[in-house]
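Colleague: Would you mind keeping the following structure in view while I ask a few things?
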Amino acid sequence: VQLVESGGGLVQAGGSLRLSCVDSRRTASSYTMAWYRQAPGKEREFVAAISWTGGSTYYADSAKGRFTISRDNAKNTVSLQMNSLKPEDTAVYYCAVDTAYGSLSRISPNYWGQGTQVTVSS
């Protein structure tokens, strides 16, 4: 697994961004994929996860109703559509893969991307 994120940037509050993550080694399609984020001075936190089939998703409370995680296994990608962005969403967003087949609410990623910066201005 080798994950590369893209799509970050600067957006005004209330705006939208779509993050994408591709597995350049084309091995992540059989595993749970997820998004995490880390704001300055804070610990990395879970945002959303999706099962390997795409049939199940799980979101942090902060993401529910505003963010949507999806995947395209044919393209080895996972995406995060972020709407109604708030300044507190500002963070580096990381794509992650968990190769164990556990509950989406208790994933423990073992592969990480390098991150993409999202900045939401007020």
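The values are calculated or read from the model by the stated rules, or taken from the named source; none is laboratory data. Since we're looking at a predicted model, the values are computed, not measured. Ideal geometry is used to build each Cβ from the backbone, glycine not excepted, and the neighbour counts take in all protein chains shown. Surface accessibility is based on the protein's heavy atoms, side chains included, excluding ligands, DNA and RNA. Shrake-Rupley method; radii C 1.70, N 1.55, O 1.52, S 1.80 Å.
Yes/no per residue for (1) among the basic types (Lys, Arg); (2) closer than 15 Å to GLY113 by Cα; (3) at pLDDT 95 or above:
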| site | (1), (2), (3) |
| --- | --- |
| GLY9 | no, no, yes |
| SER24 | no, yes, no |
| ARG44 | yes, yes, yes |
| VAL47 | no, yes, yes |
| VAL78 | no, yes, yes |
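Colleague: Test ALA28 against the criterion of being over 19 Å from GLU5 (Cβ atoms) and modelled with pLDDT under 95, and give yes or no.
Modeller: No: the conditions fail for ALA28.
Colleague: Kindly indicate the residue of the range 57-107 that is in a loop (DSSP other than H, G, I, E, B), without any contact (Cβ under 8 Å) to a residue 60 or more places away in the chain and among the basic types (Lys, Arg) and also least open to solvent (accessible area, probe 1.4 Å) among those meeting that condition.
Modeller: The qualifying residue least open to solvent (accessible area, probe 1.4 Å) is ARG66.
Colleague: Would you check if ARG18 is under 14 Å from the mean Cα position of the chain (by Cα), surrounded by fewer than 20 Cβ atoms within 10 Å (Cβ to Cβ) and in a strand (DSSP E or B)?
Modeller: Yes: the conditions hold for ARG18.
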